[in-house]
Structure formats: C-alpha cells, structure tokens
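Colleague: Quick one: the structure is below, and I'll ask about it shortly.
The values are calculated or read from the model by the stated rules, or taken from the named source; none is laboratory data. Everything quoted here is computed from the prediction, not taken from an experiment. Here the Cβ positions follow ideal geometry from the backbone for every residue, glycine too, while neighbour counts run over all protein chains shown.
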Amino acid sequence: MSEETKKKDENKPLEDTRDDSTESEVIEFEFNEDGEEDLKKTLKKLREDLKVCKKEKEEYLTGWQKERADFANYKKAEDDRKAMLSEAMRERILTKFLGVIDSFNMAFANKEAWEKVDENWRKGVEYIYGQMNTIFEEYDVKPIGVVGEKFDPNFHHSMELVPTDKKELDHTVSDVIQKGYKLGERVIRATRVNVYEYKE
C-alpha cells in the first residue's frame, strides 16, 4: 500500500457500523449535589422503568392473547360454516335423486306387470336400483315410514283419513303413498301416508 493511500485512509472518517436495533437502553444514573451517584434515586427510577415495562408487557400479552382467541373463534366459525355448506349441498344433491328412486318404486309396485318384463332388462334395472340404494346407504340416507306404525307429524305427511272400527288402529299408518327419507337423523322428506281414524 502506498504512503498516499495510507494517508487517505487515516483521514477518512470512521463509519458508525453499530446496529441501533441491538443497542440496549442506556441507564441514566442520578447524582446528588456533591456529584456522587445517588443510588436511591437511580434505584427508584429503575423500579419505575421496570413497572412501565411490565405494564407494557401485560398490554402486549393481553392484546396478543385476544388476537389469538379471536383468530381461533374465526377459524372455528369458518369451519362450522364450511361444514354446514357442505351438508346443505349434500342434502340438496341427494334430495334430487329421491325422484329417481320413486320412479323405480313405482315400476316395482305392480309386481304382475313387472314380472312380465324381459328378464335381462328387468335384472339390469334392478341392478341400477341396487346401486342407487348403496349410494344412499353410504351417505346415511334411510327410508322412513311403514304400514302399521303410529302416525308422527315429524316423519309423516297425512294425505287421507281412512275410517276404521278397530280402536287399536286409530292414528296408525294404513298405506304408504310415497316413501320418506332421513339423512342421518334429519328428515329430508316426510313419508306421504293415509292414516286410520277410529269411528264407532
């Protein structure tokens, strides 16, 4: 290195390379009238500073905990909303297929006519019907409403009252007009029924 370069380097002002973010806060000492350090005042000031720091820490911690709880509540609400939407879509789609099942049931209702249908064609239709029922079972869709059970407005929709002289049949299902279905424990379509009404 030449003498000239050395002189330039010596005259060059030193750069402050300290990182302000890593510097600790400077402690300010209190001095008495004699110029000596007053430990009591310094200690008092440090305690006050510590109190402020603790208060700020508690505020930050409380704020963070509140934000965390708010986020957890939001996430739960969002998960619940998605689950409800998914369940509603599933119910809507499955309900559309109830009409298809009704068509199969109507075709099978007249046994005499059904037996006259070509055997291969009949087996094919019955196989498709079986597939539909398997899908319904997988999605927890079950038929409800049978002849002889007690009428329940939660599960049945009364179409007609059928008079009977048998008291034990009063308010029981006499005929199933259209099958009803449950999705899980929720009725997605009530069973259309005729109901016995006791008359002396």
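Colleague: Is there a residue being basic (Lys, Arg) and touching a residue at least 40 places away in the same chain (Cβ under 8 Å) anywhere in region 88-95?
Modeller: Within region 88-95, the first condition is being basic (Lys, Arg), and the residues that meet it are 90, 92.
From the residues that got through so far, the ones that are touching a residue at least 40 places away in the same chain (Cβ under 8 Å) too are 90.
So far as region 88-95 goes, yes, one or more of its residues are basic (Lys, Arg) and touching a residue at least 40 places away in the same chain (Cβ under 8 Å).
Colleague: Given (1) at positive phi; (2) in contact with a helix residue (DSSP H, G or I) (Cβ under 7 Å, 6 or more places away or on another chain), identify the lone condition not met by VAL141.
Modeller: Only one criterion is unmet by VAL141, namely (1).
Colleague: All but one of (1) modelled with pLDDT of 95 or more; (2) under 28 Å from LEU94 (Cα atoms); (3) part of a strand (DSSP E or B) hold for TYR196; which doesn't?
Modeller: Just one mismatch for TYR196, condition (2).
Colleague: Out of the residues in region 91-145 meeting the condition of being assigned to a helix (DSSP H, G or I) and small (Gly, Ala, Ser), tell me which one is farthest from the chain's Cα centre (by Cα).
Modeller: Filtering first and then ranking leaves ALA113.
Colleague: Considering only region 101-124, state which residues are surrounded by 13 or more Cβ atoms within 10 Å (Cβ to Cβ) and under 29 Å from SER174 (Cβ atoms).
Modeller: Within region 101-124, the first condition is being surrounded by 13 or more Cβ atoms within 10 Å (Cβ to Cβ), and the residues that meet it are 101-102, 104-105, 107-108, 114, 122.
Within region 101-124, ILE101, ASP102, PHE104, ASN105, ALA107, PHE108, TRP114 meet the criteria.
Colleague: When you scan region 110-124, do you find a residue that is at negative phi and touching a residue at least 12 places away in the same chain (Cβ under 8 Å), even just one? Steps first, please.
Modeller: So the first thing to find is which residues in region 110-124 are at negative phi, and the list is 110-124.
Those still in the list that are touching a residue at least 12 places away in the same chain (Cβ under 8 Å) too: none.
No, every residue in region 110-124 fails to be at negative phi and touching a residue at least 12 places away in the same chain (Cβ under 8 Å).
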